[in-house]
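S.K.: Below you'll find the structure I mean.
Here, each number is a calculation from the coordinates, and none is a lab measurement. Every value quoted in this text rests on a predicted model; they were computed, and no experiment measured them. Cβ placement follows ideal geometry from the backbone for every residue including glycine, while neighbour counts extend to all protein chains displayed.
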Amino acid sequence: MPQLDFATYPTQLFWLVVTFVALYVLMWKIVIPRISGVLEDRQSRRENDLEKAETLRSEAEGVLAAYEKAMADGRSTAQKILLDAASKISQNQALREAESAERLSAKIAEAEERILEARNKAMLDLEPLAAELAQATASKLSGSNISQESATSAVQTTLRDMNP
């Protein structure tokens, strides 16, 4: 075997050193810079991605805060609108109730006047009938005849005493 021959050791060692130096230089000048470039690119991309993620997170937090503020403002505005509407409705209701009460009071007063007029008319219509009844009763009970004027006068006096 030629590898074990001591006579070929110096040439084998020479080529071993040449090959080792060539591979070392090749690794040092070409391969390692490329690998480190790729690693640096990956690291810078990762850092950029982390920075973008942090920026986006900050923006999202800002948008969320703005959204929550807008929702709170919207709720307070809606509550204010509801309170205003309820106040207007209650004012309108109170106004309508007052108007209805006035109308009812006017109708009640009008009805009371009509009842009073009807009562007075009925009493006036009742006077001649009551006078005739008084004459007939007096003639049946006492057997005496009383005049129409005295019977009417007695009925009027009695009706005046009943209606103060």
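S.K.: Using beta carbons and a limit of 9 Å, which pairs, at least six apart or on different chains, have the first residue in region 142-164 and under 18 Å from LEU124 (Cβ atoms) and the second one part of a loop (DSSP other than H, G, I, E, B)?
M.R.: These pairs meet every condition: ALA154/ILE146.
S.K.: Now for a different question. Taking the criterion of being of a type in the set (Gly, Ala, Ser) and surrounded by 10 or more Cβ atoms within 10 Å (Cβ to Cβ), would at least one residue in region 39-50 satisfy it? Steps first, please.
M.R.: First, pick out the residues of region 39-50 that are of a type in the set (Gly, Ala, Ser): 44.
Subsequent filtering for residues that are surrounded by 10 or more Cβ atoms within 10 Å (Cβ to Cβ) retains 44.
Yes, region 39-50 contains a residue that is of a type in the set (Gly, Ala, Ser) and surrounded by 10 or more Cβ atoms within 10 Å (Cβ to Cβ).
S.K.: Condition (residue is surrounded by 10 or more Cβ atoms within 10 Å (Cβ to Cβ) and not hydroxyl-bearing (Ser, Thr, Tyr)) applied to region 4-13: is it met by at least one residue? Don't jump to the end; show me each part of the working.
M.R.: First, the residues of region 4-13 that are surrounded by 10 or more Cβ atoms within 10 Å (Cβ to Cβ): 8-9, 12-13.
The next check asks that each one be not hydroxyl-bearing (Ser, Thr, Tyr); those that pass are 12-13.
So far as region 4-13 goes, yes, one or more of its residues are surrounded by 10 or more Cβ atoms within 10 Å (Cβ to Cβ) and not hydroxyl-bearing (Ser, Thr, Tyr).
S.K.: Among the candidates GLN79, GLN135, which residue alone is within 41 Å of the chain's Cα centre (by Cα) and surrounded by 10 or more Cβ atoms within 10 Å (Cβ to Cβ)?
M.R.: GLN79
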